[in-house]
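Colleague: Dropping a structure here in structure tokens format, bear with me for questions.
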Amino acid sequence: MCGIVGAVSTRNIVPVLIEGLRRLEYRGYDSCGVAVVRDDAVERARTVSRVADLEAQTQASGLSGFTGVAHTRWATHGKPDTVNAHPHLSGETIALVHNGIIENYEPLREELRAVGYGFESQTDTEVVAHLIHQAYTYPSSATRGDLFASVRAVTKRLHGAYAIAVFAKDQPGRVVGARAGSPLVVALGENEAFLASDALAVAGTANRIIYLEEGDVVELTLDGVTIHDVDDHPVEREARVVEAHAASVELGPYRHFMQKEIFEQPRALGDTLEGIESISPELFGSGAAEVFAGIDSVLILACGTSYYSGCTAKYWLESIARIPTQVEVASEYRYRETVPNPRALVVVISQSGETADTMAALRHARALGHVHTLAVCNVATSAMVRETELRFLTRAGTEIGVASTKAFTTQLAALYMLTLALAKVRGLLTEDAEAKALTNLRHLPAALHGVLALEPQIIAWSEDFARRENALFLGRGLHYPIALEGALKLKEISYIHAEAYPAGELKHGPLALVTEAMPVVTVAPNDALLEKLKSNIQEVRARGGRLYVFADSDTQIQSSDGIQVIRLPEHYGDLSPILHVVPLQLLAYHTACARGTDVDKPRNLAKSVTVE
């Protein structure tokens, strides 16, 4: 959510800033802008259009400079328009960009108004720009003329989550950044240095990366980098060589990144499972065996798609590992009274590892006395991975599309292995069962290729779905969370209202919605609940509903009047959810294409949700 790029260099930095914003477009945004120092003045360009429009503006105006900051904004305070777009200026001296939310901005704004500051925007960000200007320019200020010290002083007054990058027009060659609750990295190049929300923004330009810690304030100059920690002490942070491949943001032969990432799932799963020869607690970190042996339950905390992966894992954990499991929406968990259990394993799930609500829920759980924590995450250097006792890193690669696909299926694979590891520690996984599970896991990439081959049939269905405004999704047992995920995907990118229900709940309310105009998508694996599901299908048919069924090959569900069936190549037992979610992803994708929506950047949504 939002993207920051800042730079000091000996060359014109505007093209690098623009390219950095282009690489961060996947995070979601509704405006963007850039500001640089040129001829002892701050020059700025902003737009509520795409980064391509911003680039055209900068080229038309000849904008250039050696010091600058740039930003993509996802609106929180103030509607998406140019006046609220970043960078924000103060006194034509300070230029600042900001991710996050300043929770105490209202009293700070009133304080600033009382001493003569005016406000052009409705944002909380402008408050920070004015505070820094005040600290940097007022004769009575103890930090006057020292931008680094001014930012350090101001951040101590801010409540909430933020990552900022700021420069002053009279100190070209200097950019100061700070972070608390929102990610920010430093990237070091030859005779230049960068700040960014994500190393991907400057991949190939500067690959020596410093990951700032919570509360860090950093000063970038051509001579080097200076960092002070949350207690204002100078610190050294390790610079790591990180190969964030810019190729990951290239579409290749695909129409959208979402389509590319759907088809990358066999590779992503293969990479995630590579080298795993046995099910061992050590897959989750040293000391995992001792932790697993001492726990008596699992608490899963996650948001959105990651929450649905946790809901799926609950079925596995309770049926295979025989361990009580609770799944909580992270944003709800931290704000309600709960009964902590120090013997529970707290599992947090996030693609980015920076999801604000999930991070806050993790910290809340620890504050309550939960001592054992495990992250399932796609980013090795993320805050979530650094703050948990144990971890499993999925290897999905960079996911650009806002609607998650390959991150979800690799999370499921990771959670299935966690289930097996816990079952093994608890003496519930025989050697034969382990061998069979490993064989099935290794076969997943090939099985997924068979499911992806169904795309032409799914495209035909999407043409009908594109004319609808509502849809129901049904699943039972292990596949109910998959129905939930399918409905979420359709909502996210096609803007069709879609809801998912356990199929057995039809008669308790949702059946009232069923008409010929209401498509009902049904996930129908050949499992123990199949006959029950067939009865639910007949309930829909009897009310004139139109059924679209994704069925295993041996379910004996036939296409007929009012029932259309697409058959998956094989039944896959416990791992069936990983296969059945893929056609739901394709259905949502092609329906969105038929409706002409912006698939990779759906309205009002962001990829990395780093604010509450």
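The values are calculated or read from the model by the stated rules, or taken from the named source; none is laboratory data. Small disclaimer: the values here were computed from a predicted structure and weren't measured. Glycine also receives a Cβ, built like all others from the backbone with ideal geometry; neighbour counts cover every protein chain displayed.
Colleague: Can you list the strands (runs of 3 or more DSSP E) found entirely within the stretch 2-61 that contain at least 2 residues being surrounded by fewer than 17 Cβ atoms within 10 Å (Cβ to Cβ)? Give the steps one after another, and end with the answer.
Modeller: Values: elements: 3-9, 31-38, 41-47.
Passing ranges: none, list empty.
Colleague: Okay, moving on. Mind listing whichever residues of the stretch 171-188 are farther than 24 Å from TYR136 by Cβ and at pLDDT 90 or above?
Modeller: VAL185, ALA187, LEU188
Colleague: Could you give me the residue pairs with C-beta distances under 7 Å whose first residue belongs to the stretch 581-594 and is over 11 Å from LEU448 (Cβ atoms), whose second residue is of a type in the set (Gly, Ala, Ser) and surrounded by fewer than 24 Cβ atoms within 10 Å (Cβ to Cβ) wherever it lies, and which are 6+ apart or on separate chains?
Modeller: Sorted first by the residue in the stretch 581-594, then by its partner, the pairs are LEU587/SER462; HIS590/SER462; THR591/SER462; THR591/ALA466; ALA594/SER462; ALA594/ALA466.
Colleague: Can you find, within the stretch 92-139, the residue that is surrounded by the fewest Cβ atoms within 10 Å (Cβ to Cβ) among those that are closer than 16 Å to ALA163 by Cα and among the small types (Gly, Ala, Ser)?
Modeller: Among residues in the stretch 92-139 that are closer than 16 Å to ALA163 by Cα and among the small types (Gly, Ala, Ser), the one surrounded by the fewest Cβ atoms within 10 Å (Cβ to Cβ) is GLY100.
Colleague: Let me ask you something else. How about the stretch 69-88: which of its residues are touching a Lys or Arg at 6+ places or on another chain (Cβ under 7 Å) and aliphatic (A, V, I, L, M)?
Modeller: ALA85
Per-residue answers, yes or no, for (1) under 27 Å from the mean Cα position of the chain (by Cα); (2) part of a loop (DSSP other than H, G, I, E, B); (3) modelled with pLDDT under 90; (4) under 22 Å from LEU24 (Cβ atoms):
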residue: PHE167; (1), (2), (3), (4): no, no, no, yes
residue: ALA201; (1), (2), (3), (4): yes, no, yes, yes
residue: LEU220; (1), (2), (3), (4): no, no, no, yes
residue: ASP232; (1), (2), (3), (4): no, yes, no, no
residue: ARG240; (1), (2), (3), (4): yes, no, yes, yes
residue: GLY252; (1), (2), (3), (4): yes, yes, yes, yes
residue: GLU261; (1), (2), (3), (4): yes, no, no, yes
residue: SER278; (1), (2), (3), (4): no, yes, no, no
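Rundown of residues vs (1) more than 17 Å from LEU568 (Cβ to Cβ); (2) crowded, with 17+ Cβ neighbours inside 10 Å, yes/no style:
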{"site": "ASN440", "(1), (2)": "no, no"}
{"site": "LEU448", "(1), (2)": "no, yes"}
{"site": "ALA453", "(1), (2)": "no, no"}
{"site": "ASN470", "(1), (2)": "yes, no"}
{"site": "GLY475", "(1), (2)": "no, yes"}
{"site": "HIS479", "(1), (2)": "no, yes"}
{"site": "ALA483", "(1), (2)": "no, yes"}
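Colleague: Out of curiosity, is GLY68 more than 23 Å from the chain's Cα centre (by Cα) and buried (at least 21 other Cβ atoms within 10 Å of the Cβ)?
Modeller: On the way: more than 23 Å from the chain's Cα centre (by Cα): yes; buried (at least 21 other Cβ atoms within 10 Å of the Cβ): yes.
So GLY68 passes the test.
Colleague: Among what's in the stretch 379-397 and is surrounded by 20 or more Cβ atoms within 10 Å (Cβ to Cβ) and polar (S, T, N, Q), pick the residue that is farthest from LEU418 (Cα to Cα).
Modeller: SER382
Colleague: Then there's this: Restricting the search to the stretch 182-196, which residues are surrounded by 24 or more Cβ atoms within 10 Å (Cβ to Cβ) and among the aliphatic types (A, V, I, L, M)?
Modeller: LEU184, VAL185, VAL186, ALA187, ALA193, LEU195, ALA196
Colleague: Only one of ARG73, ARG109, ARG113 is in contact (Cβ under 8 Å) with a residue 24 or more places away in the chain, of a type in the set (Lys, Arg) and either closer than 16 Å to ALA201 by Cβ or not assigned by TED's automatic domain parsing to the domain that holds MET359 (or both); which? Give the derivation first.
Modeller: Values: ARG109 fails: in contact (Cβ under 8 Å) with a residue 24 or more places away in the chain; ARG113 fails: in contact (Cβ under 8 Å) with a residue 24 or more places away in the chain.
Checking each option against the conditions leaves just ARG73.
Colleague: Hey, which of the helices (runs of 4 or more DSSP H) in the stretch 284-342, taking only ones fully inside, have at least 2 residues that are in contact (Cβ under 8 Å) with a residue 40 or more places away in the chain, more than 19 Å from the chain's Cα centre (by Cα) and assigned by TED's automatic domain parsing to the domain that holds LEU368?
Modeller: Details: elements: 288-294, 304-319, 330-333.
Correct list: 288-294, 304-319.
Colleague: Could you please find all residues in the stretch 71-104 being small (Gly, Ala, Ser), at pLDDT below 95 and under 20 Å from TYR29 (Cβ atoms)?
Modeller: Residues satisfying the conditions are ALA75, GLY78, ALA85, GLY100.
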